[in-house]
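The structure under discussion appears below in the form of C-alpha cells.
We did not get these values from a lab; they are worked out from the coordinates using the rules stated. All of these numbers come straight from a predicted model, not from anything done at the bench.
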Amino acid sequence: MPDKYTSVAKVHVETRTMLQPLLKGMTIQSDVRGLLRVMQLLMFTKNNLEQIIKLSDLDKNIKNPIDQAALIESLKKISYQWRRG
C-alpha cells in the first residue's frame, strides 16, 4: 500500500442569512468573496489544524513540539495554495 494519500473536501457556505432581507436596499452590501475569505481563514486556524492532525492520526509521527509546529506550517501552506487555487 502507498505511504502517501490525498484527500479533497468541498465546503459549501450559505451566504444568505436571515439578515439579508433586512439589509436589502441599504448601502451595505454583503461581499460574498470577502465572506468566503473569512470562512477559509477560520477553517485553517491553528486549533482546527491541530484537530485535523489528531483526527487523521498524523500525530503518530510527531515526536516533539517542533515537529508539530512544522506539520501545522506545512498544512497552512497547503491550505494557502488551495485558497489561491
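Some observations on this one:
- Length gained when the stretch residue 32-residue 58 is fully extended (0.36 nm per residue, less Cα-Cα span): 6.0 nm
- Available extension along the chain between residue 66 and residue 4 is 20.1 nm, counting 0.36 nm per residue and deducting the alpha carbon span.
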